[in-house]
Structure formats: structure tokens, C-alpha cells
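K.L.:
I'd like to ask some things about the structure below.
The values are calculated or read from the model by the stated rules, or taken from the named source; none is laboratory data. Note that this is a predicted model, so its numbers are computed, not measured. Backbone-built Cβ (ideal geometry, glycine too); neighbour counts: all protein chains shown.
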Amino acid sequence: MAATDTFVKHRPGAVGRQHWVKKKDKRVSLRSKRWHVLEILAKAEEWTSLVELGVFTGPTFFHLLATCKRMTVIGVDTYALPEGTHLEDGYTDYGRPDMDQLRRLVTEQAAKYGDRARLIIADTVETAATFEDRSVDCVFIDADHRTERVLADFDAWKPKARKWVIGHDWHWDTVKAAVMARTDKPTLFPDHVWGIRV
Ligand SMILES: C[S@@+](CC[C@H](N)C(=O)[O-])C[C@H]1O[C@@H](n2cnc3c(N)ncnc32)[C@H](O)[C@@H]1O
């Protein structure tokens, strides 16, 4: 069964292919979060690796490490707000945490997962150059939400993915513009998750 069979077509008129989770499926519901969507796809397709661009406090990163025990999860985050970043750019929805402290906490917790967890403290686009093409099953884009930055992440990382490029915050106009510049048929999942099978 294809992983997306888990999701059923709900709104044929919507832009792209709108997929929602079968209500009777106990594993996920319409209230599912991005990490549940990724977990289901990862298990169904037996992913062994995922790169998350933008880790922040790590709800997705740590959920995947805890639930997908055969998967290596690589997180990339600068843990620094770039110059000229504003509230609406997607960084500071959760307040302005001390990014140094956050980096330390996430690094400390990641160490508990040994080799399966890797945290790269660097810019997402610069980091892409250090990966071989088709070297990871999925790339999850959730870093800088400005259109040109989502496009830069997409273009730098798509060649690195074997199965999916997935991202968060489809409901942001800036993100939607970037995704629609690369495909007119993204697969849409709960929690404003968009995806493109490569
Ligand atoms: C929206 S948060 C990530 C949320 C996380 N993916 C989740 O599921 O909860 C965005 C993160 O991206 C990071 N970020 C933004 N631009 C970046 C860049 N160019 N390179 C690396 N990290 C970046 C920020 O530091 C921030 O922690």
C-alpha cells in the first residue's frame, strides 16, 4: 500500500491534491501534527534517513527519533536569527527564546540518540553542498519562510532526496508561492504540510 493511501481525498476542488487522514484510522486524525504525517510516511515507506531544515525546539526532530527507530534524523539549524528577520518571517511565532540556550538543550537531548541523531549548526543552503545527491529519503523544509528562502532550500535540497521533499506551513502565502513556483500539484496533508514526491 502506498503511504499516501493512508490519506483520503477530501476536497477535490482544492489547489493541489488535498489529502486528509481517514477518520477511522486510529494512528492519525485531522488533528495530526507534522511529525505524525512524517512518522506515517517514514514507517510505510521504510525511510532510513530524513533531514529537517529548521529544528528550533525540536518537536518534529525528537518525535521522529523516538518513533522511527530505524531512521537517522539530521537537523540543520543556525540557532541564530539572521539580520533583518522580522516576526512575520516565521522565526519568532513562539516568542524570542535564547537561541544559544536552545541550541545547547537540543544538542544535549540529541546526544541520547547516538548516531541516529545529527545536529548541524549551519545555514541550510550551505549545508546542502555537503550532502551527496539522492543520499536521504526525505527532506523536510521548515526553516526560513520567506519565498526566496523556501525556494533556495527547495532547489538546494531536492536533488538530495530519494523519495520526498516535504515542508510545513502551506497556509503561509510566502511558502505557498514558493511551492507553487515548483509544482502545481503538491500533496497536502494535515497541519499545513505540503509534499512533493521526487
Ligand atoms: C519554524 S522553526 C522550525 C520548527 C520545527 N521544524 C518544528 O517542526 O517545530 C524555524 C527554524 O529555522 C531556523 N532557520 C531559519 N533560517 C535558517 C537557515 N537559513 N539556516 C538554518 N536554520 C535556519 C531558525 O533558527 C528556526 O529555529
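K.L.:
Could you check region 35-77 and list, in sequence order, the residues that are within 14 Å of the ligand (Cβ to nearest atom) and aromatic (Phe, Trp, Tyr)?
P.N.:
Listed by number, the residues that qualify are 35, 56, 61, 62.
K.L.:
Kindly state which strands (runs of 3 or more DSSP E) lie completely within region 158-198 and contain at least 1 residues that are of a type in the set (D, E, K, R) and touching a strand residue (DSSP E or B) at 6+ places or on another chain (Cβ under 9 Å).
P.N.:
Working: elements: 161-167, 187-189, 193-197.
Fully inside region 158-198 and qualifying: 161-167, 193-197.
K.L.:
Something else now. Of everything in region 33-48, what is buried (at least 21 other Cβ atoms within 10 Å of the Cβ) and either out of contact with any Ser or Thr (no Cβ under 9 Å at 6 or more places or on another chain) or of a type in the set (Gly, Ala, Ser) (or both)? Give them in sequence order. Spell out the reasoning first.
P.N.:
Filtering region 33-48 down to residues buried (at least 21 other Cβ atoms within 10 Å of the Cβ) leaves 34-42, 47.
37, 42, 47 - these are the residues of region 33-48 that are buried (at least 21 other Cβ atoms within 10 Å of the Cβ) and either out of contact with any Ser or Thr (no Cβ under 9 Å at 6 or more places or on another chain) or of a type in the set (Gly, Ala, Ser) (or both).
K.L.:
Just checking, which of 85, 78, 60, 92 is surrounded by 13 or more Cβ atoms within 10 Å (Cβ to Cβ), touching a helix residue (DSSP H, G or I) at 6+ places or on another chain (Cβ under 9 Å) and either in a loop (DSSP other than H, G, I, E, B) or at pLDDT below 65 (or both)?
P.N.:
Working: 85 fails: touching a helix residue (DSSP H, G or I) at 6+ places or on another chain (Cβ under 9 Å); 60 fails: either in a loop (DSSP other than H, G, I, E, B) or at pLDDT below 65 (or both); 92 fails: touching a helix residue (DSSP H, G or I) at 6+ places or on another chain (Cβ under 9 Å).
Of 85, 78, 60, 92, the one residue that is surrounded by 13 or more Cβ atoms within 10 Å (Cβ to Cβ), touching a helix residue (DSSP H, G or I) at 6+ places or on another chain (Cβ under 9 Å) and either in a loop (DSSP other than H, G, I, E, B) or at pLDDT below 65 (or both) is 78.
K.L.:
Another one. So which residues in region 147-175 are in contact with a Phe, Trp or Tyr (Cβ under 6 Å, 6 or more places away or on another chain) and of a type outside the set (Phe, Trp, Tyr), if there are any at all?
P.N.:
If we filter region 147-175 for residues that are in contact with a Phe, Trp or Tyr (Cβ under 6 Å, 6 or more places away or on another chain), which is where we start, we get 160, 166-167, 170.
Scanning region 147-175 gives 160, 166, 167.
K.L.:
Going by what's in this entry, would residue 146 be described as surrounded by 16 or more Cβ atoms within 10 Å (Cβ to Cβ), within 13 Å of the ligand (Cβ to nearest atom) and basic (Lys, Arg)?
P.N.:
Values: surrounded by 16 or more Cβ atoms within 10 Å (Cβ to Cβ): yes; within 13 Å of the ligand (Cβ to nearest atom): yes; basic (Lys, Arg): yes.
For residue 146, the condition - surrounded by 16 or more Cβ atoms within 10 Å (Cβ to Cβ), within 13 Å of the ligand (Cβ to nearest atom) and basic (Lys, Arg) - is met.
K.L.:
Same structure, new question: Which of (1) within 9 Å of the ligand (Cβ to nearest atom); (2) modelled with pLDDT of 95 or more; (3) loosely packed, with under 12 Cβ neighbours inside 10 Å does residue 129 not meet, given it meets every other one?
P.N.:
It is condition (1) that residue 129 fails.
Condition check ((1) more than 19 Å from residue 45 (Cα to Cα); (2) away from the ligand (no atom under 12 Å from the Cβ)) across all residues:
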| residue | (1), (2) |
| --- | --- |
| 158 | no, yes |
| 162 | no, yes |
| 170 | yes, yes |
| 175 | yes, no |
| 178 | yes, yes |
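K.L.:
For region 123-142, give me each residue that is part of a helix (DSSP H, G or I) and small (Gly, Ala, Ser). Talk me through it step by step, then tell me what you get.
P.N.:
We begin by selecting, within region 123-142, every residue part of a helix (DSSP H, G or I); these are 124-128.
Within region 123-142, just 128 meets the criteria.
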